[in-house]
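Quick one: this structure, given as structure tokens, is what I'll be asking you about.
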Amino acid sequence: MSEKATDAPGLLLRHPDGSSFRFDPGALCLELLPTGGPGPLAYFEVLREPADLVRWAEESRLPDGLAAGVGHGLAVTRAEVADARALRDALWRLTEGHVRGAPPGPDDLATLNDAAAHPPLTARLTADGGRAWAPGSTGTGLLSTVARDAVDLFTGAYAHRIRTCGAHDCRLLFVDTSRPGKRRWCSMERCGNRAKVRAHRARLTAADE
């Protein structure tokens, strides 16, 4: 499960083992991936009920001023939750394949494009100068917004910066939006710190030999 970040970008991911860490994947579509996934990733599944997808939308990087409106006006059906899981699983395979330079699987490509073909969520200007979701927001509209974000990511300026975490036991994917383009870890708080600890221990061991 994740929580909306309040003073830092990204999500606060909660591992089933009770640990937590902040993770900024750099794109809305990649924020959907930590909710579960195909194969062994099903262990992390959190999208089971309509309320789970609404909660994810509230915790996501949807524009400031809009996220709260989602929770109050987003109608999600059980069928749309199943569609969300299907889109997420397709995004896992498409993104990992993109990182490897593999062509997209036709079924996953169809899942993404079918989701993107629906009308997305629509923002509107309120009388007080703020922003809110237009009435009638649906889970299908949310998934279209996610799918269109993926199309933009895979075809945009940062497509070559989509990466898998450098830790051997972590599959989290992110787009490196940093200026130097040298991000290696899903999170310095988790995998980056563990790598530092291992490197420090290795240096101590080498010094003792």
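Can you pull out the residues in the stretch 152-181 that are at pLDDT 90 or above and not hydrophobic (A, V, I, L, M, F, W, C)?
The answer is ASP152, THR155, GLY156, TYR158, HIS160, ARG161, ARG163, THR164, GLY166, ARG171, ASP176, THR177.
Within the stretch 73-128, how many residues are polar (S, T, N, Q), touching a strand residue (DSSP E or B) at 6+ places or on another chain (Cβ under 7 Å) and under 20 Å from ALA159 (Cβ atoms)?
Selection size over the stretch 73-128: 1.
Any residue at all in the stretch 110-121 that is among the small types (Gly, Ala, Ser), farther than 26 Å from PHE44 by Cβ and surrounded by fewer than 20 Cβ atoms within 10 Å (Cβ to Cβ)?
Yes, there is a match, as at least one residue in the stretch 110-121 is among the small types (Gly, Ala, Ser), farther than 26 Å from PHE44 by Cβ and surrounded by fewer than 20 Cβ atoms within 10 Å (Cβ to Cβ).
For (1) touching a helix residue (DSSP H, G or I) at 6+ places or on another chain (Cβ under 6 Å); (2) of a type in the set (Ser, Thr, Tyr), each residue gets a yes or a no:
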site	(1), (2)
ALA110	no, no
ASN113	no, no
HIS118	yes, no
LEU121	yes, no
ALA127	no, no
ALA147	yes, no
TYR158	no, yes
ARG163	no, no
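Does at least one position in the stretch 69-85 carry a residue that is basic (Lys, Arg) and open to solvent by less than 60 Å² (accessible area, probe 1.4 Å)?
Within the stretch 69-85 (the criterion being basic (Lys, Arg) and open to solvent by less than 60 Å² (accessible area, probe 1.4 Å)), the answer is no, since none of the residues qualifies.
Another one. All but one of (1) within 26 Å of HIS15 (Cα to Cα); (2) open to solvent by 60 Å² or more (accessible area, probe 1.4 Å) hold for THR164; which doesn't?
(2)
Same structure again: If a residue must be open to solvent by 50 Å² or more (accessible area, probe 1.4 Å), within 17 Å of the chain's Cα centre (by Cα) and not basic (Lys, Arg), how many such residues does the stretch 122-153 contain?
2
Can you pull out every residue in the stretch 1-52 that is modelled with pLDDT under 90, surrounded by fewer than 19 Cβ atoms within 10 Å (Cβ to Cβ) and part of a loop (DSSP other than H, G, I, E, B)?
If the condition is that a residue be modelled with pLDDT under 90, surrounded by fewer than 19 Cβ atoms within 10 Å (Cβ to Cβ) and part of a loop (DSSP other than H, G, I, E, B), then MET1, ALA5, THR6, ASP7, ALA8, PRO9, HIS15, PRO16, ASP17, GLY18, SER19 are the ones that fit.
Across the stretch 163-181, what is the number of residues that are closer than 19 Å to ALA27 by Cβ and free of Cβ contacts under 8 Å to residues at least 40 places away in the same chain?
7
Mind checking which pairs have a first residue in the stretch 13-24 that is under 15 Å from MET188 (Cβ atoms) and in contact (Cβ under 8 Å) with a residue 12 or more places away in the chain and a second that is loosely packed, with under 12 Cβ neighbours inside 10 Å and not aromatic (Phe, Trp, Tyr), Cβ under 6 Å, 6 or more apart or different chains?
As it stands, the answer is ARG22/ALA8, since those pairs meet every condition given.
The values are calculated or read from the model by the stated rules, or taken from the named source; none is laboratory data. From a predicted model like this one, the values you see are computed outputs, not experimental measurements. Note that we place each Cβ from the backbone using ideal geometry, even for glycine, and neighbour counts take in every protein chain shown. Side chains are part of the model used for accessible areas, which takes the heavy atoms of the whole protein and leaves out ligands, DNA and RNA. Shrake-Rupley method; radii C 1.70, N 1.55, O 1.52, S 1.80 Å.
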